[in-house]
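To keep things clear, I will list the structure first and then write my remarks on it.
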Amino acid sequence: MSKILIIEDDVSIGEMMSIYLYEDGYEVKRAENGRQGEALFREFQPDMIILDLMLPDMDGIHLCTTIRHTSNIPILMVSAKNEVSDRVKGLQTGADDYLCKPFSMRELSARIQALLRRSNTFTQQSLSSTDVLKQQGIQLDFEKRCLYVDGKNIETTFSEFEIMKLFWQNQGRVYSREELLNRVRGFDSQVTERAIDVHIANLRKKVEDDPKEPKHIKTVWGVGYKFLFT
């Protein structure tokens, strides 16, 4: 049974999500503010977090950043703010998906299933030593889901690692934003293809010597992106 932590200060929305997900077969705990959410994150050790952007005691962006310092757990951010800039900010902070209020419980369930399915697949797989790959100072460990650059462990979000893994396994292949989005999300997402640009920008900062002049993660103008070793 997967464990889901809901950090949502709106009582009616929080209870609705809790009841629906409990009936869907999840073990659910809910926090009504950021501090309580932090405590439950450590104690409950959830498999996924649903995080409201606006909390009474702290900004959801700040809490997302804090969680990302210690964990790559899938994070679904929810908010009444539906501006593109808000969605982009949430993704830049480390959220794996962004859902605008109001939303249906069926859509919430679909998003959760997609994120957990990919997370559980890679956690449960028994991978051989050949899945630790290293080239030109970049190392990718599929089993531990770790990215190393020049021997240093680089923190990545769930989505960033998925994109990097896809690139690594298919070097030189050009992927459109839509293809990358489908790979990461598994379903249509309100965050649109702009989310991929955010993830690519973040990855370039982490693996490139000069993100403005990338040697590995190349833009193919009018199409998308590809990954190369020079």
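The values are calculated or read from the model by the stated rules, or taken from the named source; none is laboratory data. Everything numeric here is computed off the predicted structure, so don't read it as measured data. All Cβ positions, glycine included, derive from the backbone under ideal geometry; neighbour counts span all protein chains shown.
Brief remarks on what is shown
- Scanning the stretch 211-229 for residues that are among the charged types (D, E, K, R), outside any loop (DSSP other than H, G, I, E, B) and farther than 15 Å from E160 by Cα yields a single hit, K218.
- Condition check for S71: in a helix (DSSP H, G or I), of a type in the set (G, A, S), surrounded by fewer than 21 Cβ atoms within 10 Å (Cβ to Cβ) and on the phi < 0 side of the Ramachandran plot: no
- Against the conditions (1) loosely packed, with under 15 Cβ neighbours inside 10 Å; (2) at pLDDT below 90; (3) touching a strand residue (DSSP E or B) at 6+ places or on another chain (Cβ under 9 Å); (4) of a type outside the set (A, V, I, L, M), K3 satisfies every one except (2).
- Checklist (1) within 17 Å of the chain's Cα centre (by Cα); (2) within 25 Å of I200 (Cβ to Cβ) applied to N82, failing item: (1)
- Taken over the stretch 74-91, residues that are surrounded by fewer than 17 Cβ atoms within 10 Å (Cβ to Cβ), assigned to a helix (DSSP H, G or I) and either of a type in the set (G, A, S) or at pLDDT 80 or above (or both) amount to 1.
- Within the stretch 14-29, the set of residues being farther than 18 Å from K101 by Cα, in contact with a strand residue (DSSP E or B) (Cβ under 9 Å, 6 or more places away or on another chain) and surrounded by 14 or more Cβ atoms within 10 Å (Cβ to Cβ) comprises Y26, E27, V28, K29.
- The residues of the stretch 18-31 include none that are within 17 Å of S79 (Cβ to Cβ) and modelled with pLDDT under 95.
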